[in-house]
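No value in this document is a laboratory result; all are computed from the given coordinates. Being a predicted model, the structure only gives us computed values, none of them experimental. Using ideal geometry, Cβ is built from the backbone for each residue, glycine included, and neighbour counts are taken over all protein chains shown.
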Amino acid sequence: MSKITQVPDTLLYYYALLNRKKKVTASESRQFERSFKGYLGEKSLASLLSQFESSKILPLYNLLYEINGSEFQIDTALVTYNRVYLLEVKNFFGDYIIENNKIYSLNKRTQIYNPVHQLERTEYMFKKLLAKLDITTNVTSYVVFINPHFVLYGAQVQSPFLFASQVDIFLKKIARQSRPLSQKEYLLVEKLTQENIQVSMYDRLPEVQPSEIKNNIACVYCFNNIKKDNSFYFFCPSCKKYFDNEEVILQTIYLRYTLFPQEEITVGNISEWCNGELSKHTIRRVLAKYFHVHRKGRYTLYSFKNENQHKNFLSSYIIEKAEEERKRLNLPLVSP
Ligand SMILES: [Zn+2]
């Protein structure tokens, strides 16, 4: 959990939905953008954190807990000697002003949600969790605005905000001042990991029916339809990228599986999902290479060799997309 190598399940689901659905709703698009931006912010912070010794700062990401029937989420928790820092990471962009604890956009004067309210609740709930786990430590919380193109006028120096330019200095200061982690902190990390619940009761992903899915093959980067270029390659006219047959078959299987994990993986099904654009011979060859083969009478079924096969494969495109976006936005990143 301390390293981000796979993208979160919610992001993966919306990604598959936007790629495969015939008619994507505005809300589904928004949800995708929101989870993608959130992921980008966390990845950027994780990268900054990677330069510090893990003997002094142990980061935990994407934590979700339930206390007395209420859920709360922590973007990032930094476990240090005798203190836990809770960080709420925001990837906001543009010029804003804060007045009487309310945040407005500078030109339109429209109010946006002040993340401090959420932060206060998170800290309150986290302290309850620590009491339940019978652990005493100090807790300090910050809202981290990771995007360097975000300005908040009127913010007080002692406010719980950390801006992009301050994050690195803040982390260096913690690393310099902290003592190495003791047995107590390792126990805390273990307990926090055990208590972490995976799926939120509010995380209702939109249900989709197979009839709402298109069979046209869409680009894994821009979601526009791709065309067969010759018998070996497909081509995306928007991105100018080429995909070979094997890649297209695997993309199709994994995107479909993300949305409908109960569907059978057979040559016939895949041929249909690929719009009949690939020969059954090619599909069979790719399946035999990457999947377990099960023969049942006249039928041949295929199954995953590893349960995270689809996540690992699709995450690489989303990570690549995130990397392009990061460069465009000039978000901080330390190369691993
Ligand atoms: Zn494309």
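Among the trypsin sites (Lys or Arg not before Pro) within segment 211-267, which fall in a DSSP loop and have no more than 15 other Cβ atoms within 10 Å of their own Cβ?
K214, K240
Which entries of K22/K90; K56/K127; K90/K311; K23/K90; K22/K241; K289/K311 have Cα-Cα distances beyond 27 Å here?
K22/K90; K23/K90
Which one of F235, F313, I67 is farthest out on the positive end of the charge dipole of the chain, using unit charges on Cβ (Lys, Arg +1; Asp, Glu -1) and the Cα centre as origin?
Of the options given, the answer is F235.
Once the Cα gyration tensor of segment 215-305 is found, what semi-axes does its equivalent ellipsoid get, as square roots of 5 times the eigenvalues, in whole Å, sorted largest first?
24, 14, 10
Between segment 168-245 and segment 67-127, what is the C-alpha centre distance in whole Å?
22 Å
Can you quote the Å³ per residue value for the convex hull of the Cα atoms in the chain, rounded to an integer?
171 Å³
Rounding to the nearest 20 debye, state how big the charge dipole of the chain is about its Cα centre with +1 on each Lys and Arg Cβ and -1 on each Asp and Glu Cβ.
Charge dipole of the chain: 500 debye, to the nearest 20.
Give, rounded to the nearest 20 debye, the magnitude of the charge dipole that segment 70-147 has about its Cα centre when Lys and Arg contribute +1 at Cβ and Asp and Glu contribute -1 at Cβ.
So the dipole magnitude of segment 70-147 works out to roughly 120 debye.
Which translational diffusion coefficient, to the nearest whole µm²/s, is obtained for segment 80-210 from the Stokes-Einstein equation, given a Kirkwood hydrodynamic radius over C-alpha pairs, 20 °C and 1.002 mPa s?
Here the translational diffusion coefficient equals 124 µm²/s.
Going toward the positive end of the dipole of segment 1-120, with +1 on Lys and Arg Cβ and -1 on Asp and Glu Cβ, which of N101, V79, Q111 do you reach last?
Among N101, V79, Q111, the one farthest towards the positive end of the dipole of segment 1-120 is Q111.
Using +1 at the C-beta of Lys and Arg and -1 at the C-beta of Asp and Glu, which of L255, I270, Y290 has the Cα lying farthest in the positive direction of the dipole of segment 215-305?
Going by the charge dipole, the pick is Y290.
If the cut-off is a Cα-Cα distance under 22 Å, which lysines reach K128, setting aside same-chain residues fewer than 8 apart in sequence?
K184, K191
Report the charge-dipole magnitude of segment 23-74 in Debye, nearest 20, computed about the Cα centre from +1 at each Lys and Arg Cβ and -1 at each Asp and Glu Cβ.
220 debye
Kindly write out, for segment 159-165 in residue order, the coupling ³J(HN,Hα) from the Karplus curve 6.51 cos²θ - 1.76 cosθ + 1.60 (θ = phi - 60°), rounded to whole Hz, with x marking Gly and Pro.
Computed from phi, the couplings for segment 159-165 are 6, x, 10, 10, 9, 3, 6 Hz.
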